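Since the structure comes first, as structure tokens, the remarks are kept for the end.
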Amino acid sequence: MSKKRALITGVNGQDGSYLAEELLAKDYEVFGLVRRVGLEAPEHRLERLLPLLDRIHLQPASLESYAGIFNAVAKIRPDECYHLAAASFVSYEFDDEFSTLTTNINGTHYLLASLKDLVPQCRFYFAGTSEMFGSAAEMPQNEQTRFRPRSIYGISKVAGFELVRNYRERYGMHASSGILFNHESPRRGHEFVTRKITSGVARILAEQATELRLGNLDAERDWGFAKEYVDAMWRMLQQPVPDDYVIATGKLNSVRDFVRIAFQCAGLDWEKYVVTDPNFFRSGESVALCGDAAKARNVLGWEPKKQFEEMIREMVETDCLAMGVTLPAAAR
Ligand code: GDD
């Protein structure tokens, strides 16, 4: 029997690289959509994929071009498509609004429309996010909670979510959305707070920095481990019927909790190094986002396993290793 073909957009991101590994281990033929510039400087732009490059196929295409997406789908003819690519940093900068909205919405639409016309039986996964809940009226949030996005990024994801639902209902496509809460790992981008903290700890330990500047330490998030979250994506596409699922740990921690544990792993007292900086504060962050993943547990048999402290330690250790410093014996 021929191998199943999976197409991943955003394959060079944190989630894309973990998913590519999981699908290769399950004997899929894996195709990744990347920007053409990525292929020109793979050692920088495709860093997370370097160990996999000889086992996956990379297809250059821009999410901003319907023709490019259509041609890529026509060539690959995937059995499963995981749409992870997006402008994903939750920015409140006015300048970013237009491109975030157009790229995220059009990219999803181009992909769905191409699949419908070329390979309508292809199973589709859309990377939704807890940011769609925004200032939700209830906590924890589940699949029934009303979306009230408060960022342009959140709005773009709600639009993508509705496109997916619409293609599922109108054209009978097997299209599902995961509503994923924050998920982290040593592969997380440096612009996100968790990686900023763990790499900051490593730099301080390596004596390359003397402080770490952060925004709101009281902000709370439901943080899980990325590698487990991509497994939930795969499980969604193996279901007989498509549906939407919240993926979360159901546990809230503050940025301060994360900071304290990360510095503790390095044997450092965080209060000596962390400086709060108004430049990193976001306005309008009132409601804590905490997910209820009961449906994923019951239907997909999915549950989070890695403990918060364990994940932070792994991230700090990886960043220290990259800086050439070892954690002090007492903190190990
Ligand atoms: N980035 C950043 N930098 N965030 C800070 C800082 C800082 O210096 N200080 C405090 N924070 C707070 C933010 O205000 C926010 O409340 C929290 O830390 C987490 O911020 P991020 O790590 O940037 O993630 P996010 O929650 O905005 O968004 C991430 O998770 C979403 C849900 O899965 C992204 O991955 C989104 O793409 C994703 O949809």
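Observations on the model:
- Annotation: of all residues in the range 290-307 being of a type in the set (A, V, I, L, M) and part of a helix (DSSP H, G or I), the one that is most open to solvent (accessible area, probe 1.4 Å) is Val299.
- One residue from Arg170, Arg187 being within 16 Å of the ligand (Cβ to nearest atom) and of a type outside the set (Ser, Thr, Tyr): Arg187
- Considering residues of the range 167-180 that are more than 19 Å from Tyr110 (Cβ to Cβ) and crowded, with 22+ Cβ neighbours inside 10 Å only, the residue nearest to the chain's Cα centre (by Cα): Leu180
- Listed here are the strands (runs of 3 or more DSSP E) enclosed by the range 8-103 that have at least 1 residues being within 16 Å of the ligand (Cβ to nearest atom) and open to solvent by less than 30 Å² (accessible area, probe 1.4 Å): 80-83.
- Top-ranked residue in the range 113-166 [being in a loop (DSSP other than H, G, I, E, B) and of a type in the set (Lys, Arg); ranked as surrounded by the most Cβ atoms within 10 Å (Cβ to Cβ)]: Arg150
- Sub-8 Å Cβ pairs linking a first residue in the range 48-65 that is in the same structural domain as Phe31 (by TED's automatic domain parsing) to a second residue that is surrounded by 12 or more Cβ atoms within 10 Å (Cβ to Cβ) and of a type in the set (Phe, Trp, Tyr), at least 6 apart or interchain, are Ile56/Phe31; His57/Phe31; Leu58/Phe31; Gln59/Phe31; Leu63/Tyr110; Ser65/Tyr110, ordered by first then second residue.
- Taking each residue of the range 261-278 that is open to solvent by 40 Å² or more (accessible area, probe 1.4 Å) and looking for partners that are part of a loop (DSSP other than H, G, I, E, B) with beta-carbon atoms closer than 6 Å, six or more apart or interchain, yields Gly267/Pro328; Tyr273/Glu211; Val275/Glu211.
The values are calculated or read from the model by the stated rules, or taken from the named source; none is laboratory data. Here the structure is a predicted model, which is why all the values come from computation and not from measurement. Methodologically, a virtual Cβ is constructed for each residue, glycine included, from the backbone with ideal geometry; neighbour enumeration extends over all protein chains shown. These accessible areas exclude ligands, DNA and RNA; they are computed on the full protein's heavy atoms, side chains included. Shrake-Rupley method; radii C 1.70, N 1.55, O 1.52, S 1.80 Å.
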